[in-house]
């Protein structure tokens, strides 16, 4: 991370000082932001992003925010879970903290919704596949 990037992360942390147990940690090519163990945001390339859901995404879009995206292979991948925090919101501690609290609740609510691969124990409970099913996969 560049010196400017580190300063921006420190600025965001200072703006969010009212949140409990605020922490940052390296997260892929940037920094993840969490509160009380829930990662609700990240800083990538000098931009802060917060977690959104289907209900809050439209509000972020109306504020002019865009989703986080990155280049992979020959195209761009849009990550609709994270939307940029507008500059005017970053400057307003109260508005930023309110959005962060909302994102924390979303992160907590969706934390366990990730799909997991079946373990051997759960796979063993499934009935065996028929030959026709096994060939079609």
| Subset of the stretch 61-78 (residues that are at pLDDT 95 or above and either within 16 Å of the chain's Cα centre (by Cα) or over 21 Å from residue 15 (Cα atoms) (or both)) | 61, 62, 65, 66, 67, 68
| query | If you take the residues in the stretch 41-62 that are surrounded by fewer than 20 Cβ atoms within 10 Å (Cβ to Cβ) and in contact with a helix residue (DSSP H, G or I) (Cβ under 7 Å, 6 or more places away or on another chain), which one is farthest from residue 111 (Cα to Cα)? | reply | 46
| message | What's the total number of residues in the stretch 20-40 that are surrounded by 15 or more Cβ atoms within 10 Å (Cβ to Cβ) and within 17 Å of residue 7 (Cα to Cα)? | response | 7
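Of all strands (runs of 3 or more DSSP E) completely enclosed by the stretch 46-113, which ones contain at least 2 residues that are out of contact with any strand residue (DSSP E or B) (no Cβ under 7 Å at 6 or more places or on another chain)?
Numbers: elements: 47-51, 67-72, 75-84.
Of the strands (runs of 3 or more DSSP E) lying wholly inside the stretch 46-113, those with at least 2 residues that are out of contact with any strand residue (DSSP E or B) (no Cβ under 7 Å at 6 or more places or on another chain) span 67-72.
The values are calculated or read from the model by the stated rules, or taken from the named source; none is laboratory data. Computed from a prediction, not measured in an experiment: that's the story for all the values here. Using ideal geometry, Cβ is built from the backbone for each residue, glycine included, and neighbour counts are taken over all protein chains shown.
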